[in-house]
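For reference, the structure discussed in these notes is given below.
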Amino acid sequence: MSDYRIETTCVQGGYTPGSGEPRQIPIVQSTTFKYATSEDMGKLFDLEANGYFYSRLQNPTCDYVAAKIAALEGGTAAMLTSSGQAANFFALFNIASCGDHIVSSSAIYGGTFNLISVTMAKMGIEATFISPNCTEEELDAAFRPNTKAVFGETIANPALSVLDIEKFARAAHTHGVPLIVDNTFPTPVGCRPMEWGADIVTHSTTKYMDGHGVAVGGALVDSGKFDWMSHKEKFPGLCTPDESYHGITYAEKFGLAGAFITKCTAQLMRDFGCTQSPQSAFYLNLGLESLHVRMRRHCENGQAVAEFLAEHPKVAAVSYCGLPGDKYHALAKKYLPNGSCGVVSFELKGGRPAAGVFMSRLQLAAIETHVADARTCCLNPATSTHRQMTDAQLQAAGIPAGLIRMSCGLENAQDLIDDIRQALEAI
Ligand SMILES: *Cc1c(COP(=O)(O)O)cnc(C)c1O
C-alpha cells in the first residue's frame, strides 16, 4: 500500500482481504488463539515466529489498524495502545529508564506534561522542558550525557504553537537520540513529521483519527530510521540481550525497521497491558477511512472562524497558525501547507464574566473538555481545567481568564459563525 497517496491509504491501507474474505476488517473478538502443537506456540513465545497468542500483546484487528497508521505516517512499524497517554508513556519508557533524562518542549498537552514531570520523575527519569521557540544554542544546552529522547507536539494542545521539527530533530541527532513527535492535532493528513526528521510519532487516536468521540485510543509509529546500534551504550534495552526473551537483542534480530515496536510490544505491552480493544480499533478504522475528507473541513472551518474572530471588536486576541499575523504562521506554511487543524483559541476582552456569558449563549458549540470531534465544542480553561488558579496565575501561565478554546467541527462554517456572533453580542 505504501505507493498510494494518503487519501487512498486512509481508505484502504493496512488490510488487503484475500478472495472471499471480509471486505471490512474483521473484529477478532477473542482473547486467545489456538495452536496444534506446543512447539508451534513456543516459537511465538521465543519471538521466533509471527503470530497471535494472547490479545493483551497483539490482536489481528488492532494490527490491521496499526499497519494503516504506519503507512499513513510513512513508518515501518506501529502499534495501538489503550490511550494517547499510554502511547506517549510507551514511546518514552521504551528507551528511557531510571537514571535517564528527557528533553521536552514545554508546549505540550497537560496530561503529557504531568506524565513526564510528575509520574516519570517518580520512576527516576528526569526532564528538562524548553520553549519550542528556543534558539539552537538553548536547545543544545538542555542535553545531558544521560539524555535518551527529545519530545514535542507538531501543534501543541492547547497552546497551538507549531514545532520546528527540523530544529528539534537536528539537536536530537547531534546528541545521538531520537526525536519523538506527538502528531495528534494535524494527523498525517496535515503533516508527516518523519519527513522532517522525527524518528517516532505518537497519537491520541481519541481525537481527529477517531473524530466522532466514540473510542479512547493511542498509537506509536517507528520510522525505522534511528540507528540504535550506532549509539549502543545509550540504548542497552535495544542493543543488549533481553533475558526475559532468552537473550534476544532487539536491534540485531529485528533490525532498524522492527526493533523499537517489537521491544515495546514484547516488554511494555506484556507488562503494562495498555491494549486497545478490537472493537475500539474497528471504530478507529472507520474514522481513518474518512480522515482526509474530514480534516479538510475541520481546517476550513477553523480558518473561517479564526478570521471572523480576528475582526470582532469584543475579541482581544486569536491564536490560529492559519492567520497571516499569527506567531506560528511561517512555521505552519512550512510544515502544514494544507491546513493545521480545527482548534482555535481566543481571548475575550471582558475576561472571566464575558467568557461565562459567551459560553452560556452558544447553541451549536457544546461545552466539553474534548477536542477534535465532528461536533463543535469549546472550553474556558479558567472555569474548568485550570479552575484552581487565580486570575494572576492564569495570566502568568499564558492562559488569560477570558480565553476560550474552540474545536471547530464539521458543521457549516456560516452556521458556526452566526452562533458565535449572537453569543458575542450577548456580552
Ligand atoms: C488528548 C491528547 C493526548 C492524550 O490522549 P488520550 O487519548 O486522552 O489519552 C496526548 N497528546 C495530545 C496532543 C492530546 O491532544
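What the table below lists for this structure:
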| item | result |
| --- | --- |
| Cut-off 18 Å (backbone N to label point 7 Å along Cα→Cβ of residue 212), residues of segment 20-43 | 23-28 |
| Segment 109-257, relative contact order in percent, only Cα pairs under 8 angstrom and at least six apart counted | 14 percent |
| Residue exposure sequence - 369, 187 - by fewest surrounding Cβ within 10 Å | 369, 187 |
| Ascending count of other beta-carbon atoms within 10 Å, so fewest first, for 394, 379, 47 | 47, 394, 379 |
| Helical segments meeting 24 Å axial Cα length and Kyte-Doolittle -1.0 threshold in the chain (DSSP H) | 291-310 |
| Using alpha carbons only: equivalent-ellipsoid semi-axes of segment 146-261, gyration tensor based, whole Å | 28, 18, 11 |
| For segment 216-319, projected area of the alpha-carbon convex hull averaged over all directions, nm² | 11.0 nm² |
| Point-to-point label distance, residue 246-residue 334, nm (Cα→Cβ direction, 7 Å offset) | 4.9 nm |
| Diffusion constant of segment 188-234 at 37 °C, which comes from Stokes-Einstein with the Kirkwood Cα-pair radius and 0.692 mPa s, µm²/s | 262 µm²/s |
| Peptides ranked, highest mean first, by Cβ atoms within 10 Å: ranges 268-276, 404-412 | 404-412, 268-276 |
| Under 15 Å from the residue 367 label point (7 Å along Cα→beta-carbon), backbone N, segment 383-415 | 383-388, 402-406 |
| Rg in Å to one decimal, and Dmax rounded to a whole Å, for segment 1-154 via C-alpha atoms | 19.9, 60 |
| Candidate aspartates and glutamates for bridging to residue 263, where Cα separation is under 18 Å - those fewer than 8 sequence places away on the same chain excluded | 46, 48, 63, 199, 222, 227, 233, 242, 243, 252, 271 |
| Computed E for residue 38/residue 279 - FRET, C-beta separation, R0 25 angstrom, nearest 0.05 | 0.25 |
| Most to least packed among 121-132, 299-310 [average Cβ atoms within 10 Å] | 299-310, 121-132 |
| For segment 119-185, Kirkwood radius (reciprocal of mean inverse C-alpha pair distance, Å) | 12.6 Å |
| Electrostatic dipole magnitude of segment 223-308 [Cβ: Lys, Arg +1; Asp, Glu -1; Cα centre; debye, to 20] | 140 debye |
| Local net charge near residue 262, Cβ-Cβ under 13 Å (Lys/Arg +1, Asp/Glu -1) | -3 |
| Residues 57, 331, 44 arranged by fewest to most Cβ contacts within 10 Å | 57, 44, 331 |
| About the Cα centre, charge dipole magnitude for segment 291-396 (Lys/Arg +1, Asp/Glu -1 at Cβ), debye | 120 debye |
| Residues residue 314 and residue 375, FRET efficiency given R0 of 22 Å [Cβ-Cβ distance, rounded to 0.05] | 0.35 |
| Mean separation of Cα contacts under 8 Å, 6 or more apart, over the residue count of the chain: relative contact order % | 15 percent |
| Net lengthening on full extension, residue 230/residue 385 (0.36 nm per residue, minus Cα-Cα) | 51.5 nm |
| Charge-dipole axis of segment 120-236 as Lys and Arg at +1 and Asp and Glu at -1 on Cβ define it, positive-most pick from 230, 121, 172 | 121 |
| CD proxy at 222 nm, helix term only [per DSSP H run n ≥ 4: -39500 (n - 2.57); per residue of the chain; nearest 500] | -10000 deg cm²/dmol |
| Three semi-axes of the equivalent ellipsoid, the chain, Cα gyration tensor, whole Å, largest first | 38, 26, 18 |
| Segment 228-278: relative contact order in percent, alpha carbon pairs under 8 Å with at least 6 residues between | 22 percent |
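Computed from the coordinates by the stated procedures, all read-outs in this text should not be read as laboratory data. What you are looking at is a predicted structure, and each value in this text was computed from that prediction instead of being measured. Note that we place each Cβ from the backbone using ideal geometry, even for glycine, and neighbour counts take in every protein chain shown.
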